[in-house]
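The values are calculated or read from the model by the stated rules, or taken from the named source; none is laboratory data. The structure presented is a predicted model; accordingly, all values stated were derived computationally and were not measured. So basically every Cβ, Gly included, is an ideal-geometry build from the backbone, and we count neighbours across all protein chains shown. Heads up: the accessible areas ignore ligands, DNA and RNA and are worked out on the full protein's heavy atoms, side chains in. Shrake-Rupley method; radii C 1.70, N 1.55, O 1.52, S 1.80 Å.
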Amino acid sequence: MATEPEAAEPVVPSLVDRYFTRWYKPESHPVLQSGKTIKSISYQISTNCSRLQNKVSGKFKRGAQFLTELAPLCKIYCSDGEEYTVSSCVRGRLMEVNENILHKPSILQEKPSTEGYIAVVLPKFEESKSITEGLLTQKQYEEVMVKRINATTATS
Amino acid sequence: MFPLTEENKHVAQLLLNTGTCPRCIFRFCGVDFHAPYKLPYKELLNELQKFLETEKDELILEVMNPPPKKIRLQELEDSIDNLSQNGEGRISVSHVGSTASKNSNLNVCNVCLGILQEFCEKDFIKKVCQKVEASGFEFTSLVFSVSFPPQLSVREHAAWLLVKQEMGKQSLSLGRDDIVQLKEAYKWITHPLFSEELGVPIDGKSLFEVSVVFAHPETVEDCHFLAAICPDCFKPAKNKQSVFTRMAVMKALNKIKEEDFLKQFPCPPNSPKAVCAVLEIECAHGAVFVAGRYNKYSRNLPQTPWIIDGERKLESSVEELISDHLLAVFKAESFNFSSSGREDVDVRTLGNGRPFAIELVNPHRVHFTSQEIKELQQKINNSSNKIQVRDLQLVTREAIGHMKEGEEEKTKTYSALIWTNKAIQKKDIEFLNDIKDLKIDQKTPLRVLHRRPLAVRARVIHFMETHYIKEFVHGDFGRTKPNIGSLMNVTADILELDVESVDVDWPPALDD
């Protein structure tokens, strides 16, 4: 028997939710699933391209590497031998990548919404509205995930 | 006393004959004191004619023997003409000249196009002053600026060449610099008339400006030949309609050779049909500045209006709550608000408040007693509980510089309400007391990254003060290091921020 939920404490929106809006791809990345340990992360995505070389200058952010949705951002190497490439998922110019996850890869899993970020991308001004088409809001994402979990439990 | 002497007679007669007005004649004879120019036009004309006619009387005495007692002017002139044709007598008073001198009170001056005729006299000045009074400006002095059509410089140049040639015959030594400038003579005459009519002195430093612009459409093309001869003087400027500006025309006249000029422009200049037209009479008052300090008690008020895509996102702003009252009382056209730094929408400004300055553009009312300013301050404070102002005062433009110093160099004190994910004890934050000069590396905060360059700024905290203090508390995704969270080994977030003081000692505190 489900108990009545306790009266909810007033929730102060987190930093992320105060200044940003969360958008999701309808996926759940294996790296964030329990049991995985990240051995290392690399921004060297090809022989000639390292995201660490991204240098941006001035108010207009000249020199930034341009990213398409499928452009690789980093490679994640897990202790079980699995290798994952994380792609940009959004079009825009690369502002910076998070060097902190190179030194301490676990924060990607521990603090995925704050210190464990991978990259900061600036979309083209004209595309700033259309960029979220095809992405889910937090609510939509949670609904999709719940459905999937129910589907998996139903079939098992 | 008539200002012209014997040696001026030839030049004066020549100019009068060719259609030049008495005041311009004075200018070309180097008359450099004000009094003669101020006499009424008709009187000047009569005096001039009388002055020139004495010449003829002298001539009679010289060439007629015995001197005739009664002789008509016409016969006299005829005989004089005959004489000059015979080569006797240096002076030639031509028939054409005399008729011209009789009719010249009707002619528009071929040099000044009427500027030193009707446009410097009382009736016109009265008309201008009526407009000034109707404009509703409050003023205790004024500066008068007048703008003449560029083709006047061309005519002036032609007249000068004519005079130079005539003087050369007499070996007179009047130089170009001895010629009185048109604008100078115009101001000699009009300044006292303005002062008398409006009851205020003319002061070059006055903030209140009355400007009159003249044009002469009939002769607009007089300058055009200069563009063909000196093309490099006339570069098309984007904001000006015509490429023939006064500066450009003057430059070309300095460059052009005398022979080339005389080939293209009549010397003496021809007489126009109409006088100049008045293009505009405008009044404007230079900006005045009001400074003070403001407190902000609302966590929902931006400093400047927050409008995106024409839609206002939050009601009102600090700027509007203060400036709207000033705009009304000073009856100004518009304002520019600036302050020593700024705070976010959700941050309060306590203590003595933040210094600000407001520039009021083209104010119609400028004189206020300190009592009136105090009342204005009270009015602003009564009108809103979101902001309060103090030390409201009039300041000079130069003083504004003090305020901007405060942004970078001076210190500010903040107090913040912080949330941590773990309960903390007093001892956990004792380390804050020991930190005197904490060095932090801060990347441009994400929330302003779209409009500021990406950079890492080293900052030193004195007694726990800093810019972008919110980022110091929550760490901005780990991009501000160290931060409160890292120093205390917790996750921290900022709930409320107040500015406790902005340590700039300007504007001067007033005792209320």
(message) For the list (1) in a loop (DSSP other than H, G, I, E, B); (2) polar (S, T, N, Q); (3) within 17 Å of B:Leu39 (Cα to Cα), I need the number of the one condition that B:Thr140 fails.
(response) (3)
(message) Looking at the structure I just gave you, is B:Arg293 charged (D, E, K, R), surrounded by 14 or more Cβ atoms within 10 Å (Cβ to Cβ) and part of a loop (DSSP other than H, G, I, E, B)?
(response) no
(message) Just checking: which of the strands (runs of 3 or more DSSP E) contained wholly in the range A:83-156 hold 1 or more residues that are within 14 Å of chain B (Cβ to nearest Cβ) and open to solvent by 40 Å² or more (accessible area, probe 1.4 Å)?
(response) A:92-97, A:119-122
(message) Among the residues in the range B:358-371, are any touching a residue at least 24 places away in the same chain (Cβ under 8 Å), open to solvent by 70 Å² or more (accessible area, probe 1.4 Å) and part of a strand (DSSP E or B)?
(response) no
(request) May I ask you to list the residues in the range B:232-254 that are touching a helix residue (DSSP H, G or I) at 6+ places or on another chain (Cβ under 7 Å) and open to solvent by 60 Å² or more (accessible area, probe 1.4 Å)? (result) B:Arg246, B:Met250, B:Lys251
(request) Mind telling me which of the residues B:Glu43, B:Glu7 ends up being among the acidic types (Asp, Glu) and at pLDDT 90 or above? (result) B:Glu43
(request) Just need a number here: residues in the range B:338-350 that are among the β-branched types (Val, Ile, Thr) and open to solvent by 30 Å² or more (accessible area, probe 1.4 Å). (result) 1
(message) I want to confirm something. Restricting to the range B:191-220 and keeping residues that are within 10 Å of B:Val143 (Cβ to Cβ) and of a type in the set (S, T, N, Q), which single residue is surrounded by the fewest Cβ atoms within 10 Å (Cβ to Cβ)?
(response) B:Ser211
(message) Exactly one condition in (1) within 19 Å of B:Ser384 (Cβ to Cβ); (2) more than 23 Å from the chain's Cα centre (by Cα); (3) open to solvent by 30 Å² or more (accessible area, probe 1.4 Å) is false for B:Phe335; which is it?
(response) (2)
(message) So in the range B:486-512, with the set limited to residues that are in contact (Cβ under 8 Å) with a residue 12 or more places away in the chain and within 10 Å of chain A (Cβ to nearest Cβ), which one is most open to solvent (accessible area, probe 1.4 Å)?
(response) B:Leu495
(message) Among the residues that make up the range B:100-118, is at least one of them at pLDDT 95 or above and in a strand (DSSP E or B)?
(response) no
(request) Considering every residue within the range A:31-48, establish whether at least one is β-branched (Val, Ile, Thr) and within 21 Å of A:Ile131 (Cβ to Cβ). (result) no
(request) Would you tally the residues in the range B:171-190 being open to solvent by less than 50 Å² (accessible area, probe 1.4 Å) and assigned to a helix (DSSP H, G or I)? (result) 6
(request) Run A:Ser14 past the list (1) more than 14 Å from every other protein chain (Cβ to nearest Cβ); (2) closer than 16 Å to A:Pro112 by Cβ; (3) out of contact with any Pro (no Cβ under 6 Å at 6 or more places or on another chain) and report the number of the one that doesn't hold. (result) (1)
